[in-house]
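Undergrad: Next up is a structure, given as structure tokens.
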Amino acid sequence: MAGARRETVGHCGKTLYPSASERGPVGSPTKPWTDRVTDQISNDVSLDQLKARGATAAKTGIKALFAADADRFRHFSFRHDDLLLDVSKCALAADDLAALHAFARLAGVLERRDAMFSGARINTTENRAVLHVALRAEPGDGFAVEGQAVGAEVEGVLAAMSRFAKGLRDGTIRGATGQRITDIVNIGIGGSDLGPVMACLALAPYHDGPRAHFVSNIDGAHMADTLRGLDPETTLFIVASKTFTTIETMTNAQTARAWVAGRLGEAAVGAHFAAVSTALDKVGAFGIGEDRTFGFWDWVGGRYSVWSAIGLPLMIAIGPERFREFLAGARDMDRHFKDAPADANLPLILGLVGWWHRVAQGHPSRAVIPYDQRLARLPAYLQQLDMESNGKHVGLDGRRVETPTGPVVWGEPGTNGQHAFFQLLHQGTDIVPVEFIVGANAHERGQDMRIHQDLLLANCLAQSEALMKGRTLEEARRQLLDAGRPADEAERIAPHREFSGDRPSITILHDKLTPFAFGRLVALYEHRVFVEAQLFGINAFDQWGVELGKELATGLLPVVRGEASAESRDSSTAGLVSAIAHLRT
Ligand code: F6P
């Protein structure tokens with residue numbers, strides 16, 4: 001489809017998926033208003049037309065769009081049970097959204113979605129199926145890779161994980177000296193770390209198992225700081241690596257192994273290690289027993305693997321039942337993505353608006369700001385999910401893409417971010433679309449906690465309102481005069497207190513961060529990234545861009561060690577090697 005977007009696309013004639021009106025009400029209710037607009041617009045959408053639309057809508061401004069449509073929130077917010085996606089505070093008119101839907105039809109987004117769910121090898125550069133959705137399916141859902149059902153195997157690993165997690169939680173599985181395991185250390189990086197780290201923090205209120213720690217960085221400080229205060233007799237390490245070759249993970253695993261062997265003896269090692277990998281032969285060679293090895297499959301990408309055995313630390317922390325609720329939340333979003341009509345389909349709409357911001361309106365980054373301290377690691381998780389998936393410049397057709405692709409994704413929890421980088425969001429020279437995520441309810445109860453939650457919500461709403469409304473020069477001047485400032489001072493200061501407004505934001509609201517709601521939220525973002533990849537015309541499921549640095553690091557290791565010369569390197573690298581050599585003690 002990338003090719004289809006190269007020229008101005010004429011009337012397509014063929015609808016790749018039926019409009020909501022053609023489908024009739026399936027699952028979530030359709031919106032007659034959107035149906036009408038969708039029906040009005042033809043399939044004549046080209047990249048240039050969409051860019052022109054993007055520019056016009058930005059020029060019109062969000063405030064003016066609200067002024068023109070008293071029902072804008074209703075028209076631009078979408079619900080799935082308690083989950084609400086509000087894109088009304090984006091510079092996007094009704095027919096723009098309809099045009100985006102038409103563009104998605106041309107790009108075959110939902111056709112590609114169906115191919116993914118069918119187990120087709122849509123990861124074409126690695127010749128793999130992409131079936132993380134099967135990890136959270138019910139056994140009867142019938143997921144298969146080339147006719148080979150995967151449900152029973154998935155369930156088998158889940159059952160084995162559950163037995164192991166249960167044994168650790170109830171003390172029937174103990175360390176070599178008979179002590180209960182009180183601390184789990186997950187050793188992994190990237191997709192073998194970020195998901196469980198994020199999830200263990202997100203679901204802290206449900207944490208009633210051993211403490212969970214995470215070591216990812218090759219920097220020895222990470223391991224040293226984690227081991228300090230831990231007792232080898234009561235600690236279990238999980239070596240998590242899809243490939244079981246990643247240098248950081250293997251080095252950290254060897255250090256942990258030596259720590260256990262040094263204190264408890266070589267024979268104790270087996271009782272203090274478990275592994276998660278697709279490379280079961282390599283796990284065996286490391287010396288971890290089969291009964292403590294949990295597998296997954298090449299059709300699970302690393303950054304999509306938290307639902308697999310990679311989620312073991314989470315399962316140990318919150319228990320198998322809660323872990324199943326987490327999976328059920330993701331399954332709920334999968335079914336919604338698969339079955340909901342396009343104009344009520346949250347991941348599709350979130351992806352369309354993301355593409356709109358990135359390509360049609362040219363914003364190079366987006367900020368994800370959870371107003372939820374427990375989602376503090378969500379932005380880091382989304383950085384891998386989004387940027388490793390969609391940070392590509394070659395399309396599915398092997399040619400250089402003609403539009404920008406994935407944006408820079410960044411963020412921090414609110415309200416902390418307000419006291420750090422929100423200055424730039426409100427008054428900086430770049431426009432950064434912001435995605436606010438907030439739960440209406442907290443886990444914490446009591447009057448004191450109610451005050452916190454009310455303030456959190458008020459701040460979240462205030463920020464999106466401020467980004468949109470801004471403050472005019474005249475309002476700034478008037479405020480200063482009303483505060484008793486002299487006229488000349490008001491005149492001088494007012495420009496600094498003016499906010500342009502018309503800055504876009506999306507709000508994702510849900511009831512409360514339960515395991516179900518959390519799984520649903522993460523799956524929403526997974527599918528959003530998928531949708532955007534189809535619109536960019538790229539393969540979201542490989543990551544060749546991480547290879548070169550790895551190769552060069554391997555070559556530089558003997559140079560850093562002083563075992564090889566830096567002469568053939570560029571002068572900067574050679575100079576830095578020499579400076580390091582002088583500083584090393
Ligand atoms: O370097 C990138 C990457 O390959 C990620 O895609 C992956 O999540 C991470 O490294 C860890 O890989 P593994 O699980 O094989 O150790």
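Undergrad: In a helix (DSSP H, G or I) and crowded, with 18+ Cβ neighbours inside 10 Å - does that describe any residue in the range 495-513?
TA: no
Undergrad: Pick from the range 235-245 the residues that are of a type in the set (S, T, N, Q) and surrounded by 21 or more Cβ atoms within 10 Å (Cβ to Cβ): which of them is farthest from the ligand (Cβ to nearest atom)?
TA: Filtering the range 235-245 for residues that are of a type in the set (S, T, N, Q) and surrounded by 21 or more Cβ atoms within 10 Å (Cβ to Cβ), the one farthest from the ligand (Cβ to nearest atom) comes out as THR235.
Undergrad: If we scan the range 61-68, do we find a residue that is over 24 Å from GLY362 (Cα atoms) and exposed (fewer than 15 other Cβ atoms within 10 Å of the Cβ)?
TA: The answer is yes; a qualifying residue exists.
Undergrad: Taking helices (runs of 4 or more DSSP H) that fall entirely within the range 259-361, which contain at least 1 residues that are on the phi < 0 side of the Ramachandran plot, in contact (Cβ under 8 Å) with a residue 40 or more places away in the chain and within 16 Å of the ligand (Cβ to nearest atom)?
TA: Because the criterion is at least 1 residues that are on the phi < 0 side of the Ramachandran plot, in contact (Cβ under 8 Å) with a residue 40 or more places away in the chain and within 16 Å of the ligand (Cβ to nearest atom), the helices (runs of 4 or more DSSP H) in the range 259-361 that meet it are 280-286, 312-318.
Undergrad: I need the helices (runs of 4 or more DSSP H) fully contained in the range 40-129, keeping only those with at least 1 residues that are under 23 Å from ARG503 (Cα atoms).
TA: 47-60, 62-68, 72-75, 94-107
Undergrad: When the range 330-355 is examined, which residues are found to be in contact with a Gly (Cβ under 6 Å, 6 or more places away or on another chain) and buried (at least 23 other Cβ atoms within 10 Å of the Cβ)?
TA: ALA330, ALA340
Undergrad: For the structure I just gave you, tell me whether HIS207 is surrounded by fewer than 20 Cβ atoms within 10 Å (Cβ to Cβ), touching a residue at least 12 places away in the same chain (Cβ under 8 Å) and either of a type in the set (A, V, I, L, M) or within 16 Å of the ligand (Cβ to nearest atom) (or both).
TA: It is false that HIS207 is surrounded by fewer than 20 Cβ atoms within 10 Å (Cβ to Cβ), touching a residue at least 12 places away in the same chain (Cβ under 8 Å) and either of a type in the set (A, V, I, L, M) or within 16 Å of the ligand (Cβ to nearest atom) (or both).
Undergrad: Separate question: Can you say whether PHE294 is of a type in the set (Phe, Trp, Tyr) and at pLDDT 95 or above, as far as the supplied structure shows?
TA: yes
Undergrad: So, of the residues in the range 173-204 that are in a loop (DSSP other than H, G, I, E, B) and within 22 Å of GLN373 (Cβ to Cβ), which turns out to be nearest to the ligand (Cβ to nearest atom)?
TA: The qualifying residue nearest to the ligand (Cβ to nearest atom) is ASP193.
Undergrad: Still on this structure, I have one more. What are the residues in the range 246-274 that are aliphatic (A, V, I, L, M) and surrounded by 15 or more Cβ atoms within 10 Å (Cβ to Cβ), if any?
TA: Those that are aliphatic (A, V, I, L, M) and surrounded by 15 or more Cβ atoms within 10 Å (Cβ to Cβ): MET250, ALA253, ALA256, VAL260, ALA261, LEU264, ALA268, VAL269, ALA271, ALA274.
Undergrad: Another question, then. Go through the range 199-243 and give me each residue that's at pLDDT below 95 and closer than 25 Å to ALA176 by Cα.
TA: The answer is GLY229, and nothing else.
Undergrad: Residues ALA490, ALA517, ALA553: which one is in contact (Cβ under 8 Å) with a residue 24 or more places away in the chain, hydrophobic (A, V, I, L, M, F, W, C), part of a helix (DSSP H, G or I) and not assigned by the TED database to the domain that holds LEU461?
TA: Criteria check complete, one pass: ALA553.
Undergrad: Within the range 275-306, can you find the residues that are crowded, with 19+ Cβ neighbours inside 10 Å and in contact with an Asp or Glu (Cβ under 9 Å, 6 or more places away or on another chain)?
TA: THR278, VAL283, TRP297, GLY301, GLY302, ARG303, TYR304
Undergrad: Same structure again: Among the residues of the range 383-411, what is the count of those that are touching a residue at least 40 places away in the same chain (Cβ under 8 Å) and either within 13 Å of the ligand (Cβ to nearest atom) or crowded, with 20+ Cβ neighbours inside 10 Å (or both)?
TA: The qualifying residues number 15.
The values are calculated or read from the model by the stated rules, or taken from the named source; none is laboratory data. Everything quoted here is computed from the prediction, not taken from an experiment. Don't worry about glycine lacking a Cβ; one is built from the backbone with ideal geometry, like all the others, and counts go over all protein chains shown.
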